[in-house]
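The values are calculated or read from the model by the stated rules, or taken from the named source; none is laboratory data. Note that the coordinates shown come from a computational prediction; the quantities given were computed from them, not determined experimentally. A quick note on method: Cβ atoms are made from the backbone with ideal geometry, for glycine too, and the neighbour counts reach across all protein chains shown. Accessible surface areas use protein heavy atoms only, side chains included; no ligands, DNA or RNA. Shrake-Rupley method; radii C 1.70, N 1.55, O 1.52, S 1.80 Å.
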Amino acid sequence: MRTQVGIIGAGPAGLFLSLLLQRAGIDCVVLESRSREYVEDRVRAGVLEHGTVDLMEDLGVAERLHREGMPDPRLDIRFNGNVIHIDLPVLTPGRMVTVYGQQEIVKDLIAARLKRGGSIVFEAEATGLSGLDTNQPTIHFKHAGKDETLTCDFVAGCDGFHGVCRPTIPGDVLKVYDREFPFGWLGILSESKPFPEMSYANHERGFALASRRSPRLSRLYVQCTPDDDVANWPDARIWDELHIRLGDEGRTELAEGRILQKAITPCRSFVSAPMQYGRLYLAGDASHIVPPTGAKGLNLAVTDIRVLSRALIEFFKSGSAARLERYSATCLKRIWKVVRYSTYMTTLLHRFPQQSAFDRQIQLAELEYLLNSPAARTTIAENYVGLPFEEE
Ligand code: FAS
Ligand code: PHB
């Protein structure tokens with residue numbers, strides 16, 4: 001097989017890239033190791049920044065998003081009986097976020113890609129790359145029990161944190177920045193009336209979050225140990241901890257319901273640089289992950305793709321490689337600001353096992369400061385809705 005851009009991974013990064021390149025008349029092929037059903041059922045992120053919604057509108061794939069997505073003007077932070085209200089349109093005039101499940105975005109993007117005649121090869125697992133230092137790199141992959149190759153002008157590594165692309169960059173070239181937090185998130189999807197607001201909680205027993213996917217579907221999280229197992233979390237224990245940590249001891253606020261999905265996600269900040277090597281360009285989780293506290297993983301993948309698609313289109317249209325050469329530097333400036341924000345929110349809201357009494361007082365003082373300072377709340381708001389996109 002041959003194409004101009006070989007895209008590994010049909011997550012948000014790979015799918016958005018395929019639609020942007022296709023619209024510019026650039027031939028690309030998406031290779032995805034899992035089945036279509038699997039990727040469309042994978043429950044993950046849920047909060048879309050303004051910029052992500054704008055991109056979906058720009059690509060003409062936002063019709064269902066506007067019908068089923070939920071514009072979210074506010075987030076609450078609960079601690080010690082207090083509630084910090086962060087009103088997004090007040091603090092960042094005219095801006096807010098939209099709640100819409102990542103799996104719904106993936107469905108919309110796959111449908112659009114296929115309807116527009118683009119190709120996605122499902123159950124095609126990339127096993128390696130060769131020729132990255134030439135202008136004809138090759139992706140080696142397995143499909144239908146056969147060893148196949150895809151030769152291209154460029155490879156887009158959109159294969160997530162456990163993909164094959166990042167490890168292709170030599171160890172003496174790739175620098176890794178890594179912080180594993182001493183806790184994870186147990187996330188559930190439940191058939192229950194959601195909380196009216198996006199509600200985060202810092203509680204003595206640990207962090208909790210009440211989010212949603214629809215007026216009848218709740219997305220709820222509790223902090224757990226990093227090596228925890230869902231088997232340790234029967235439904236009753238999950239609901240008990242959610243009621244307590246969200247300050248609903250009277251059990252009058254949080255509605256319970258049938259739990260449809262349970263999974264544990266580690267909390268980790270990870271950045272790898274550079275995000276390019278020869279004709280390979282990494283985007284999204286293939287290059288970086290952030291703790292889910294800031295609701296940024298998906299949105300950061302999208303901003304990488306905005307930069308990469310623009311650079312590739314410029315190359316194919318004008319022959320200029322200027323944007324490609326500075327791709328990594330351009331993305332990393334924003335990535336580190338988002339990692340900073342996600343790390344700040346994670347440090348603010350979780351109970352750290354080794355937390356000293358001093359650190360606990362600092363954490364509570366930070367929360368009190370947010371409670372009483374519009375300026376402090378504005379800094380959270382402007383990061384939460386999404387920092388301005390500094391077009392290069
Ligand atoms: P993805 O991981 O989404 O996509 C990579 C794709 O590449 C996958 O479909 C994979 O099957 C495929 N692939 C991997 N190796 C391959 C190979 N060798 N060949 C072919 N294909 C291959 N973010 C939030 O903002 N909020 C959340 O609540 C949240 N929860 C999360 C929960 C979990 C369990 C995980 C893992 C992540 C979560 N995230 C969350 C982050 C998540 O949303 C990512 O940021 C987002 O999926 C990034 O998109 P991609 O970069 O496209 O990577
Ligand atoms: C979600 O709805 O999945 C969600 C919301 C806010 C976060 C993380 C995840 O910070």
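Quick notes on this one:
- Glu382/Ile362 FRET efficiency (R0 25 Å; Cβ-Cβ; nearest 0.05): 0.60
- Accessible surface, per residue, of the chain when the full set of protein chains is kept, probe 1.4 Å, Å²: 42
- Of all accessible heavy-atom area on the stretch 1-126, the percent that carbon and sulfur account for (1.4 Å): 48
- Gyration tensor verdict on the chain (Cα atoms; rounded if a/c is under 1.5, prolate if a/b is larger than b/c, oblate otherwise): prolate
- Most positive-pole-ward Cα, Gly247, Ile86, Leu308, against dipole of the chain from beta carbon charges: Leu308
- Only helices enter the 222 nm calculation for the chain: every DSSP H run of n ≥ 4 contributes -39,500 (n - 2.57), and dividing by all residues gives -11000 deg cm²/dmol, rounded to 500.
- A cut-off under 14 angstrom between Cβ atoms defines the neighbours of His203, and their net charge, with Lys, Arg +1 and Asp, Glu -1, is -1.
- Stretchable slack from Lys337 to Arg258, in nm (0.36 nm times residue separation minus alpha-carbon distance): 24.6 nm
- Normalised contact order of the chain, rounded percent, pairs of Cα under 8 Å and 6 or more residues apart: 20
- For the stretch 233-250 versus the stretch 69-106, the inter-centroid distance based on Cα atoms is 22 Å.
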